[in-house]
Amino acid sequence: MSMENYRTIFRLSLSVFVAAIVVACGSIAPAPPPAEPEPTTETSQSRPAPATVGDQSAVGGASRAGGEVSGGRTVDEITIQGTEIWQDNGDSSCASCTPAAPSPQPEGQVGTGSVGRHGGKLAKDDDRVLASAQRMLLEDKENTEQEQVRLGVLTASNIPASGKTGQDAAIYSAPDEELWIIAAATGTAGEASTSVEDDAPGTGAMVARLMDPSTEPAAAPTEIPLPLEHSEVRAEIAGYISTVDVTQQFHNPFSQKIEAVYFFPLPEKAAVNEFVMTIGERKIRGILREREEAEKIYAEARAQGYRASLMTQHRPNVFSQKVANIEPGNRIDVNVKYFHTLSYRDGWYEFVFPTVVGPRYNPPGHADPIHAWSTDSPAKQPASGSAIRYLRPEQRSGHDINISVDIDAGVNIAQMHASHEIVKTATGPTSTRVTLASQSTIPNKDFVLAFQVAGERIASQMLTYKNPDTGEGYFTLMVYPPAELRGLQRQSIEMVFVIDCSGSMSGKPLSQAKAAILSGLDHLEPGDTFQVIRFSDQASQFGNRPVAANANNLAAAKKYVRRLGANGGTQMIRGLRQALDFAHDPSRFRVVTFLTDGYIGNDREILGEVRKRVGDARIFSFGVGSSVNRFLLERMASEGRGAAAFLGLQDSATDIMDLYFERISHPAMTHLQMDWKGMQVSETYPARLPDLFVGRPAVITGKYTGEAGSVGIHGRAGQQELSLQVESKAQASGSHQAIPMVWARRKIADLADRQNLSENPAELAQVIRETALRYQLMSHYTSFIAVDSTYQTAGNHGTTVHQALPVPEGVRYDTTVGSP
Amino acid sequence: MRRQAAMVFLCLIANTLAYAETLSAPQTRFAAVDVYLDSGDKALAAWQFELADHDARIQVVGIESGEHPAFDEPPHYDRDAVAAGKADRVAVADFSLATAGELPKGQTRIATVHVRIEGDTPPDYHIALIAAGDTQGQPIPAKISISKR
Amino acid sequence: MPEEKQTLSDLPPALIQGLRSHDGATPMVPRSVDKAILDRAEAHFGSRRTSRRRWALPAAAAAAAVLVTVFVVQPFEPARQTHSIADDIDGSGSVDVLDAFLLARQRVDDPSITQARVDALLGRIVSLSNEEDHQT
């Protein structure tokens, strides 16, 4: 082509390009109006007025008595505001100083961690401690005599001139800066307060402090109440299937409209299939759509000012609720309903309602993290993944929870206990209603209700449901191990203890885990071998290889375990690999005992690794803490053909270990094979039949056609062949309506697990989507949406308020949320 | 040469049109369709209707209960169709086991269907009453109507 | 008698050389011969093309009409489920909400009728794929 031709083409292209730009400019929608400023509200705390030093009146002022502020920076006694007293313990060496949080806090951010009494030392490097005191004073509503610390405030300008030397001036960074001083209460003089942990449930409407992103970092943070007022939980248990109704009440206490965002847990086996939004007397049933579609609808409704709610799944046990355009003073309730199967352990049925999501550790580069987001952080959400806001330990939200459970066990209930104080009311010969004793319970601990039914032997049972239209049948089979297993002796084991030593385990959880291992070591027999592996950022182990369980080795191992401390992130994958990758001793049965709280963001990656590496080993996972990641622990055990157990902070580690070793001291019934007889069975989950351990049933669900009658189960225990027969129970009970959904939920869980190892995860995602839509279940790819299109609220979509959660009981804020 | 220039020009036009189309995607809005049933002097215990949009531009985003306490729970609807995004129609039904004195008579709002609409043109709604019954389960004559918000 | 294959070596050398010399050579067809062949082909096949052209449009129109009839005027319906007679509680000949209502009423006196059964019937009643089969 000639140059002239090139010029022609160029001119044509340019013309078209310009035309395209003109068309595009004409079609671009106007930019949305700028967001309205953060609502300002009244604070729930009244900050004490700055003291006036020199005024020794009882009402106000600070006075100094006794010693003086000198070059040695010793402060004796200062009365501030007539209430706070700084007392000198005469120790100028700061030996009584209690270390504050180990990590320095960024400038402008208050610190966390232990606050103790200081022997009069005020130094620049006490900034962290002083900052903690500042925070405590701002947050504490009442300073009572029972408290271990009292706080006061002293402005630099109020320090007596005589005491304000050049060095004193160096203590205070700015003339008008407020300075917080810690003082010990007179009643507990001599005892240093080392912790500000408050385990007791609080009351009242505390607020969460959210930084106003439009102000300078040094500006005072804005305090706003939290929108979630109350959660009402009503559960009905029939057999081993429970139907649970959860209502979340959102209220807008501000002068402007808001969007409420709330992350909450549900049991990982929960099949969520109902969603109703209630505004006043009006109830709007939501619809289930593909997740992207539902999010799009919600975004549009929100932008246009309509009240809408969206429920999304982030993990199998972590969900979020968003409610848009809640007008000032208004309330919107969201009700969800789900089915799930109870777990059965060692003679006890267990109903769990999780109440709080523990702060997760997300390994670097993890694709879909769940961040732990402090209420001190600026109100801007992290760029990727989901983020859950956490209250500081001394903060409380106004959210309380009420739980009631109606149990129809079908037989007498012999015993019952719960994680909270409960009230039991018999409603029939075999039925009981259980409610929380206190209506104002703070939900920072999972609700666990365990009950034991009468009768020595629990029979295996199968529940069925048949669709009258299609003839499609669904079953759930609970298989209990045969009694003969108890009489058989186990083979030698190669025990591998794996203990989580990350920051979230700091304190009581680690103590419990260590106690469990120490007890476990005592249960080993002479022919056994063992190994102890600890992990946090890295993994390390007791010995180069498993060692014989003799007296010397056990003593050395106990010493090793006692010295373990908690610090750092949760690189669980390193611990897992170290536990499973070394050569297996074929003459011994490898048992991996995993002790962790499961607070990680890469659950799926971990489960994928378990599936890849477990081989002939068995994994038993122990959840240690008050609100552990049950989804991860149950799935690890399931993939590892073992079992999960839970060690609460108040439980006896010795008792739990006794039960555990009782279970593994008898061989499992392995190599299970089913004889379905008259049933044509398909799509059973788990696809690989689990081993049967003493005290632990296996639950199998599947589809069938034909007639449901009895089924046979054959397997081996060591060298012995065993068989069971299970009869089908054709109950006419409403609970069987749940069986297809329970099956669908298991199918979705299985597909999701397989995604980790699949080369084509998108294909499995499509199957999950279709299954979830067909059975009307929430999943990672389907969400519930409800829009009230009768009324369009004025203005833009308002301010987004993230419901801050309490850190689970026993978990240290400073090593999880507060740590960088 | 002219042929080549024309091909380039057409390609550019096609790209421009495609781009313009994405920018001028139909606007969406939300609306509510109140469904009323007039059962005259008979107590209304059960009802069933079908709401359709012959232009198939609506998506159901919520089904609301009626105004009378006897029908204060959200009614039943075809979940599969709604979940699958079938946008042309929805079937809704409900009943109450309350006594005649506790049931509505005359005109009452039995449900509200909340919809999302694509485009500016109003949907072409059609409402059809499938069944209405009294406390004995006997069919009763009733008039159905809708009101758009 | 078995066929005798004649090999190249059996041919006269002169012929072989002549054939080889034409190998690879571009065949030259005189223009007049080329035109004559094209005219002949045109004369033979042109009538067929004309006749095809004559029928092409009506055939396309007929096909379009069929497609319009099948896909537009008569939309494709998914396979319908038929209601069982057991669903027609009131024996009216159609299955609708009144049947679910009566079943729910019966359940008050007959515990063997489960809520699940009532809900399942309601689900079938509102299912659009059953809409045409309210007549049993």
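The values are calculated or read from the model by the stated rules, or taken from the named source; none is laboratory data. Quick caveat: nothing in here was measured; it's all calculated off a predicted structure. Note: ideal-geometry Cβ built from the backbone for every residue, glycine included; neighbour counts use all protein chains shown.
Summary table below
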| quantity | calculated |
| --- | --- |
| Qualifying residues in the stretch B:57-71 (those that are part of a loop (DSSP other than H, G, I, E, B) and either modelled with pLDDT of 90 or more or buried (at least 21 other Cβ atoms within 10 Å of the Cβ) (or both)) - the one nearest to the other protein chains (Cβ to nearest Cβ) | B:S65 |
| Residues being touching a strand residue (DSSP E or B) at 6+ places or on another chain (Cβ under 8 Å), assigned to a loop (DSSP other than H, G, I, E, B) and either polar (S, T, N, Q) or at pLDDT below 80 (or both) - total across the stretch A:698-743 | 5 |
| Qualifying residue in the stretch A:637-655 (condition: buried (at least 24 other Cβ atoms within 10 Å of the Cβ), modelled with pLDDT of 90 or more and not hydrophobic (A, V, I, L, M, F, W, C)) | no |
| Some residue of the stretch A:308-329 being surrounded by fewer than 21 Cβ atoms within 10 Å (Cβ to Cβ), within 11 Å of chain B (Cβ to nearest Cβ), of a type outside the set (D, E, K, R) and in contact with a strand residue (DSSP E or B) (Cβ under 7 Å, 6 or more places away or on another chain) | no |
| Segments classed as strands (runs of 3 or more DSSP E), wholly inside the stretch A:190-307, with at least 3 members that are away from chain B (no Cβ under 14 Å), farther than 30 Å from A:T430 by Cβ and at pLDDT below 85 | A:208-210, A:222-224 |
| Unique match (being modelled with pLDDT of 75 or more and not assigned by TED's automatic domain parsing to the domain that holds A:S638) among A:D814, A:D753 | A:D753 |
| Residue list for the stretch A:743-763, restricted to those being over 23 Å from the mean Cα position of the chain (by Cα) and basic (K, R) | A:K747, A:R754 |
| Only listed residue being more than 12 Å from every other protein chain (Cβ to nearest Cβ) and in a strand (DSSP E or B), chosen from B:I130, B:I144, B:I117, B:I110 | B:I144 |
| Cβ-Cβ under 9 Å pairs, at least 6 apart or on other chains, the stretch A:445-467 side modelled with pLDDT under 75, far side assigned to a strand (DSSP E or B) | A:A454/A:I413; A:A454/A:A414; A:G455/A:A414; A:I458/A:Y344; A:I458/A:M478; A:A459/A:V726 |
| Test: B:G101 is of a type in the set (G, A, S), more than 14 Å from chain A (Cβ to nearest Cβ) and more than 12 Å from the chain's Cα centre (by Cα) | yes |
| Per-region count, the stretch C:85-98, residues within 8 Å of chain B (Cβ to nearest Cβ) and assigned to a helix (DSSP H, G or I) | 2 |
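Residue-wise test of (1) aliphatic (A, V, I, L, M); (2) surrounded by 22 or more Cβ atoms within 10 Å (Cβ to Cβ).
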residue: A:M778; (1), (2): yes, yes
residue: A:F784; (1), (2): no, yes
residue: A:V787; (1), (2): yes, yes
residue: A:T790; (1), (2): no, no
residue: A:A794; (1), (2): yes, no
residue: A:G810; (1), (2): no, yes
